[in-house]
Amino acid sequence: MAKRAGARSAVLDSPPALIASASTVGAKEGEGPLGKYFGSVSEDSYFGEQTWEKAESRMIESTLAQLYKNSRLTPKDIDLAFAGDLLNQCTASSFGLRNSGIPYFGVYGACSTMAESLALAAMSVESGFAGCALAVTSSHFSTAERQFRMPLEYGGQRPPTAQWTVTGCGAFILSEGEGPRITSVTPGVITDAGIKDANNMGAAMAPAAYETLRTHFSDLGRTPSYYDLILTGDLGAVGSEILRDLMRKDGTELGDKYADCGLLIFDREKQDVHSGGSGCGCSASVLAGYIMDGIKTGRWKKVLFAATGALLSPLSTMQGESVPSICCAVSIEV
């Protein structure tokens, strides 16, 4: 059984393995530096559908088909599914999984959803509640823009602090088989730095990342040197620098072990994404594609995946509320 460690972390005595992964991204993401690492790149942002929202659900279905092929499993072999996205009521996930027949938990942690769903899936398998669990997360540039900001046709100007919502999906199957294992989990607490600018989510989320990383290292008695890679998602250029500064004030240098999914997925100079990528599909697709490839090829053996999320809504923004944030961390080790 999992054991509590420190303030709120858990160490998994029988850590489940990530036995299969799959990723799908849109054309813009496929043109970025990580394009060759994604399982599928769609040139059609509609994914053959008539609306953006149906497109995101279709992207989930396509990613799951890829996942089943990679694992040689079928939906009947999956005991539980943890899935989430950025849309109201997680409709992309629920419609994407409605024909699967898999017992389903809808998960919302904004851009932290991939880490949250992996943590819940890992604890379910480790506890014996599920023999095989699915974790899947997605976002779509056009669905997110329509819900959180403004219609694309409006052509509004984006400030330098803004980030580009990734059209992408990442999915994993966790079980007792072979593969890198989730060895520990550090859930986050809601952290509010008082940022009210919805176009500066990196600044809003950085304190949550700092709080969770600090707690993780303290709970487990570790330093950044324990890991080959410490990966956040998605702080972008602004948030990443704030995180480094916050850790430095604690006497901790993240150094070259640290990377952010929002900075990895796009070429900021060539692709006009301002502060980088965002959206829960960003860290999900980067982890399922680029990071899993690096683990399998031996580039990294110990990865701390700490995904961050801004817990805002269009209504809370219009009412002048600040942007509370969250960060959930999972250790992935070979």
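Each reported figure results from applying straightforward, stated rules to the coordinates on display, with no laboratory input. None of these values were measured; they are calculated from a predicted model. In this analysis, Cβ positions are derived from the backbone assuming ideal geometry, glycine residues included, and neighbour counts consider all displayed protein chains.
Rounded to two decimals, the Cα-based Rg/Rh of the stretch 219-280, with Kirkwood Rh, is 1.02. Based on every Cα atom in the stretch 91-240, Rg and the maximum pairwise Cα distance Dmax equal 17.5, 51 Å. Applying a DSSP loop filter and a limit of 12 other Cβ atoms within 10 Å to the GluC sites (Glu not before Pro) in the stretch 196-300 leaves nothing. Listed values for the stretch 44-49 are Karplus-derived 3J(HN,Hα) couplings in whole Hz (6.51 cos²θ - 1.76 cosθ + 1.60, θ = phi - 60°), namely 9, 5, 8, 6, x, 9, and x replaces Gly and Pro.
Per the Kirkwood formula applied to alpha carbons, the chain shows a radius of gyration over Rh ratio, Rg over Rh, of 0.94. The order of Ile291, Ile190, going from fewest to most other C-beta atoms within 10 Å of their C-beta, is Ile190, Ile291. The alpha-carbon positions of the stretch 3-175 define a convex hull whose volume is 140 Å³ per residue. Using only the C-alpha atoms, the convex hull of the stretch 167-249 corresponds to 144 Å³ per residue.
The reciprocal of the average 1/r between distinct C-alpha atoms defines the Kirkwood hydrodynamic radius, which for the stretch 74-141 equals 11.9 Å. What is the list of residues in the stretch 201-225 whose amide nitrogen lies under 19 Å from a point 7 angstrom out from the Cα of Arg248, following Cα to Cβ? From the stretch 201-225, the list is 202-211, 213-214, 224-225. For the stretch 181-333, the Kirkwood hydrodynamic radius from C-alpha pairs, put into Stokes-Einstein at 4 °C and a viscosity of 1.567 mPa s, yields a diffusion coefficient of 83 µm² per second. In the chain, the calculated helix contribution to ellipticity at 222 nm averages -9000 deg cm²/dmol per residue, counting -39,500 (n - 2.57) for every DSSP H run with n ≥ 4. Taking the DSSP bridge list for the stretch 181-333 and keeping only pairs wholly inside it, about 65 percent are antiparallel. With a cut-off of 18 Å on the backbone N, the residues of the stretch 168-202 near the modelled label site 7 Å out from Val334 along Cα-Cβ are 177-184.
Working from label points 7 Å from Cα in the Cα-to-Cβ sense, the Val189 to Val11 distance is 2.2 nm.
With a cut-off of 16 Å on the backbone N, no residue of the stretch 218-250 is near the modelled label site 7 Å out from Glu269 along Cα-Cβ. Sequence-distant contacts, meaning Cα pairs under 8 Å at least 6 residues apart, place the relative contact order of the stretch 181-333 at 39 percent. Provide the FRET efficiency to the nearest 0.05 for the Arg222-Thr51 pair, computing r from the beta carbons and using R0 = 35 Å. Approximately 0.15, to the nearest 0.05. For Val25, Val323, the sequence from fewest to most other C-beta atoms within 10 Å is Val323, Val25.
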